[in-house]
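To keep things clear, I will list the structure first and then write my remarks on it.
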Amino acid sequence: AQSVSQHNHHVILSEAASLELGCNYSYGGTVNLFWYVQYPGQHLQLLLKYFSGDPLVKGIKGFEAEFIKSKFSFNLRKPSVQWSDTAEYFCAVDSGGGADGLTFGKGTHLIIQP
Amino acid sequence: KAGVTQTPRYLIKTRGQQVTLSCSPISGHRSVSWYQQTPGQGLQFLFEYFSETQRNKGNFPGRFSGRQFSNSRSEMNVSTLELGDSALYLCASSLVDQAQYFGPGTRLTVT
């Protein structure tokens, strides 16, 4: 079965610091990759997605992620975080074109200190 | 475009009862998936429907079931509720083989 691992469960950064959240998945075949964000009191929102093509994908709010197939990784990055980026971040993998559902990592709770 | 809507938003039930949750997808989305979110297990896939057909089901007991209607709206049902069924139940919709967009969820508490 597919599994997704997020390396850090809790991350605390100061504003303007750079961010990188790790994500590794286990499936060796073709995958679609996603990062979702859940702001306090809000529902899950799609941050960015990778289906094919350029392995460096850009999402909303200045976030980007790089797909490295050889490392089964899809790390999320942002060069300079803001207090409003405080949220729970989930990496997800889809190996069945949607029918198999998304497999989520456990999430990373990011706290940005002003 | 309106997002995914779920009703009710909060629900309290007693062990042994059954519950039905409803989901209206984004207009034009024909695929609807359901997930369970708990602090211990995280987000887990329940099942996915497309054109009124269940295409796949996650590793949940048969007490969890669902259906999809011709207008793509979906319902999920949990029978014989257990305390461990307390969770946030999320619905997501998508175009075929595209990214899923999530609703706000239904918070189910079983007492």
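Things to note:
- Out of B:S74, B:S79, B:S65, sole residue that is farther than 14 Å from A:T103 by Cβ, more than 9 Å from every other protein chain (Cβ to nearest Cβ), among the polar types (S, T, N, Q) and surrounded by fewer than 16 Cβ atoms within 10 Å (Cβ to Cβ): B:S79
- Residue check for B:R15: in contact (Cβ under 8 Å) with a residue 40 or more places away in the chain, within 19 Å of B:P104 (Cα to Cα), among the basic types (K, R) and loosely packed, with under 13 Cβ neighbours inside 10 Å: no
- Of the candidates B:R55, B:R107, B:R15, B:R30, the single residue that is touching a Leu at 6+ places or on another chain (Cβ under 9 Å) and either within 8 Å of another protein chain (Cβ to nearest Cβ) or within 22 Å of A:Y50 (Cα to Cα) (or both) is B:R30.
- Filter pass, A:Q82 being facing another protein chain (nearest Cβ under 10 Å) and more than 19 Å from B:Q98 (Cα to Cα): no
- Screening segment A:60-86 for residues that are surrounded by 16 or more Cβ atoms within 10 Å (Cβ to Cβ) and either charged (D, E, K, R) or on the phi > 0 side of the Ramachandran plot (or both) and picking the one that is modelled with the lowest pLDDT gives A:F72.
- Residue check, B:D97 among the charged types (D, E, K, R), surrounded by 18 or more Cβ atoms within 10 Å (Cβ to Cβ) and either over 18 Å from A:G41 (Cα atoms) or modelled with pLDDT of 95 or more (or both): no
- Scanning segment A:1-30 for residues that are in contact with a Lys or Arg (Cβ under 9 Å, 6 or more places away or on another chain) and surrounded by 17 or more Cβ atoms within 10 Å (Cβ to Cβ) returns A:V4, A:Q6, A:L19, A:L21, A:N24.
- The residues listed here are A:S84, A:S52; of these, the one that is assigned to a loop (DSSP other than H, G, I, E, B) and either touching a residue at least 40 places away in the same chain (Cβ under 8 Å) or not β-branched (V, I, T) (or both) is A:S52.
- Test result for A:V37, closer than 21 Å to B:Q44 by Cα and part of a strand (DSSP E or B): yes
The values are calculated or read from the model by the stated rules, or taken from the named source; none is laboratory data. Keep in mind that this is a model prediction, so the values were computed, not measured. As a convention, Cβ positions derive from the backbone with ideal geometry for all residues, glycine included, and neighbour counts pool all protein chains shown.
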